[in-house]
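Visitor: Take a look at this one; I'll ask things after.
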Amino acid sequence: MTPPPAQRLVSVEGIARRFPGLTVFEDLWFHVARGEFVCLVGHSGCGKTTILNILAGLDTPDAGVVLVDGKEISGPSLDRAVIFQGHALMPWLSALENVAFAVSCRNPGWSRGQVRDAARAALARVGLSQAAERKPAQLSGGMKQRVGIARALAISPKLLLMDEPFSALDALTRGTLQEEVSRLVTEAGQTAFMITHDVDEAILLADRILLMTNGPQARVAEIVHNTLPRPRERANLHHMPGYHALRDHILDFLITRSRTLAGAPPPGWDARTPPVVVPA
């Protein structure tokens with residue numbers, strides 16, 4: 001069930017991140033297919049954010065390589081947009097100007113009118129047309145994250161990276177934004193990679209879920225295929241056939257197997273082919 005090479009947008013090949021006296025993860029392999037939504041789930045300390053930063057070009061691995069569209073990552077790129085835990089908006093600019101800045105960087109030859117029209121369209125897709133002229137201090141937490149989502153999608157990246165972007169929001173706002181991201185990513189055919197602690201969030205959004213053991217020496221121990229049909233809505237997710245088996249499997253991993261499988265892999269372990277699971 002691993003995507004064939006021709007369908008892969010992202011190839012993570014044997015990467016490691018080490019510090020003096022500490023190996024966060026080692027010999028990490030996984031792939032993300034074009035148009036696929038992949039979630040990485042694991043406890044704090046297993047290196048999830050470090051992996052995302054490497055994909056974003058904000059950090060470099062100590063071994064191995066990451067390829068996007070067949071090219072090795074050598075730094076940040078507008079082909080890879082990041083939605084951070086914090087909104088990361090420029091406080092002196094309005095919502096429209098924050099999005100327009102990204103659009104102008106992506107399309108330096110566009111006129112001011114073209115840039116602003118594209119920025120307004122991006123804000124409209126996330127329901128913020130009425131707040132276009134407000135600065136971040138005048139926006140709620142959920143609205144700030146919507147601006148961040150609009151900014152990321154407005155540049156039409158090859159890869160959308162998300163670092164637990166909804167973790168600081170209240171439950172109702174978080175659920176609404178999760179469904180909006182699912183809709184927007186699906187409509188755009190966007191490839192997405194997200195790290196999360198939230199099991200239901202992963203089930204709602206992901207096509208495949210990568211389960212990491214506890215650190216240090218963390219590794220992807222299982223790849224879970226999400227067979228729940230789309231579209232998915234958080235309100236009725238728990239009524240969908242297969243939901244409980246999927247959720248129980250992931251929770252069991254996080255509660256038990258992530259700890260018992262931690263540390264150096266057993267003899268014969270092949271990091272390139274971790275077990276693929278389809279909970280029944």
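Okay, residues lined up against (1) within 22 Å of the chain's Cα centre (by Cα); (2) closer than 30 Å to A152 by Cα; (3) assigned to a helix (DSSP H, G or I); (4) basic (K, R):
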position: M194; (1), (2), (3), (4): yes, yes, no, no
position: R247; (1), (2), (3), (4): yes, yes, yes, yes
position: I255; (1), (2), (3), (4): no, no, yes, no
position: R259; (1), (2), (3), (4): no, no, yes, yes
position: G263; (1), (2), (3), (4): no, no, no, no
position: P274; (1), (2), (3), (4): yes, no, no, no
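Visitor: Could you list, in sequence order, the residues of the range 29-50 that are in contact with a helix residue (DSSP H, G or I) (Cβ under 7 Å, 6 or more places away or on another chain) and either of a type in the set (G, A, S) or not in a loop (DSSP other than H, G, I, E, B) (or both)? Walk me through how you get there before you give the answer.
Guide: Here is the first cut: in the range 29-50, the residues in contact with a helix residue (DSSP H, G or I) (Cβ under 7 Å, 6 or more places away or on another chain) are 33-34, 37, 39-43.
Hits for the range 29-50 are A33, F37, C39, L40, V41, G42.
Visitor: With respect to the numbered conditions (1) surrounded by 13 or more Cβ atoms within 10 Å (Cβ to Cβ); (2) among the basic types (K, R); (3) outside the structural domain of R230 (by TED's automatic domain parsing), which one is the sole condition not fulfilled by R112?
Guide: (1)
Visitor: Going residue by residue through the range 70-88, is there one that turns out to be under 21 Å from R146 (Cα atoms), touching a Phe, Trp or Tyr at 6+ places or on another chain (Cβ under 8 Å) and not assigned by TED's automatic domain parsing to the domain that holds A132? Break it down stepwise before answering.
Guide: Residues of the range 70-88 that are under 21 Å from R146 (Cα atoms), as a first pass: 78-88.
Restricting the remaining residues to those that are touching a Phe, Trp or Tyr at 6+ places or on another chain (Cβ under 8 Å) gives none.
Checked the range 70-88: no residue is under 21 Å from R146 (Cα atoms), touching a Phe, Trp or Tyr at 6+ places or on another chain (Cβ under 8 Å) and not assigned by TED's automatic domain parsing to the domain that holds A132.
Visitor: Can you find a residue in the range 135-149 that is within 13 Å of the chain's Cα centre (by Cα) and either crowded, with 17+ Cβ neighbours inside 10 Å or modelled with pLDDT of 95 or more (or both)? Walk me through how you get there before you give the answer.
Guide: Residues of the range 135-149 that are within 13 Å of the chain's Cα centre (by Cα), as a first pass: 149.
Still in the running and either crowded, with 17+ Cβ neighbours inside 10 Å or modelled with pLDDT of 95 or more (or both): 149.
Yes: one or more hits.
Visitor: Within the bounds of the range 179-186, is there any residue that is touching an Asp or Glu at 6+ places or on another chain (Cβ under 8 Å) and either assigned by TED's automatic domain parsing to the domain that holds V220 or not hydrophobic (A, V, I, L, M, F, W, C) (or both)?
Guide: So the first thing to find is which residues in the range 179-186 are touching an Asp or Glu at 6+ places or on another chain (Cβ under 8 Å), and the list is 179.
Filter once more, keeping what is either assigned by TED's automatic domain parsing to the domain that holds V220 or not hydrophobic (A, V, I, L, M, F, W, C) (or both): 179.
Taking every residue of the range 179-186 in turn, at least one turns out to be touching an Asp or Glu at 6+ places or on another chain (Cβ under 8 Å) and either assigned by TED's automatic domain parsing to the domain that holds V220 or not hydrophobic (A, V, I, L, M, F, W, C) (or both).
Visitor: Does T196 qualify as being under 18 Å from T49 (Cα atoms) and not aromatic (F, W, Y)?
Guide: Values: under 18 Å from T49 (Cα atoms): yes; not aromatic (F, W, Y): yes.
Considered against the rule, which asks whether it is under 18 Å from T49 (Cα atoms) and not aromatic (F, W, Y), T196 comes out as yes.
Visitor: What is the number of the single condition among (1) in contact with a Leu (Cβ under 9 Å, 6 or more places away or on another chain); (2) modelled with pLDDT of 95 or more; (3) of a type outside the set (S, T, N, Q) that E97 does not meet?
Guide: The single condition E97 does not satisfy is (1).
Visitor: So, one more: Please work out which residue is farthest from D200 (Cα to Cα), limiting yourself to the range 144-178 and to residues that are of a type in the set (G, A, S) and outside any helix (DSSP H, G or I).
Guide: Residues of the range 144-178 that are of a type in the set (G, A, S), as a first pass: 148, 150, 152, 154, 156, 167-168, 171, 175.
After this cut, where a residue has to be outside any helix (DSSP H, G or I) as well, the list is 156, 167-168.
On the way: S156: 27, S167: 13, A168: 16 Å.
Residue satisfying both the conditions and the ranking: S156.
Visitor: So which of T227, T176, T213, T186 is among the hydroxyl-bearing types (S, T, Y), touching a residue at least 40 places away in the same chain (Cβ under 8 Å) and over 30 Å from A262 (Cβ atoms)?
Guide: Working: T227 fails: over 30 Å from A262 (Cβ atoms); T176 fails: touching a residue at least 40 places away in the same chain (Cβ under 8 Å); T213 fails: over 30 Å from A262 (Cβ atoms).
When all the criteria are applied, what remains is T186.
Visitor: So I155 ticks every box in (1) surrounded by 17 or more Cβ atoms within 10 Å (Cβ to Cβ); (2) over 22 Å from V10 (Cβ atoms) but one. Which box is left unticked?
Guide: The single condition I155 does not satisfy is (2).
Visitor: Sticking with this one: State yes or no: is A102 within 22 Å of R183 (Cβ to Cβ), buried (at least 21 other Cβ atoms within 10 Å of the Cβ) and not assigned by TED's automatic domain parsing to the domain that holds L161?
Guide: Details: within 22 Å of R183 (Cβ to Cβ): yes; buried (at least 21 other Cβ atoms within 10 Å of the Cβ): yes; not assigned by TED's automatic domain parsing to the domain that holds L161: yes.
The answer is yes for A102.
Visitor: Starting from residues that are on the phi > 0 side of the Ramachandran plot and assigned to a strand (DSSP E or B), keep the ones in the range 1-28 and report whichever is modelled with the highest pLDDT.
Guide: G14
The values are calculated or read from the model by the stated rules, or taken from the named source; none is laboratory data. Keep in mind that what you see is a predicted model, and the values were worked out from it rather than measured. In this analysis, Cβ positions are derived from the backbone assuming ideal geometry, glycine residues included, and neighbour counts consider all displayed protein chains.
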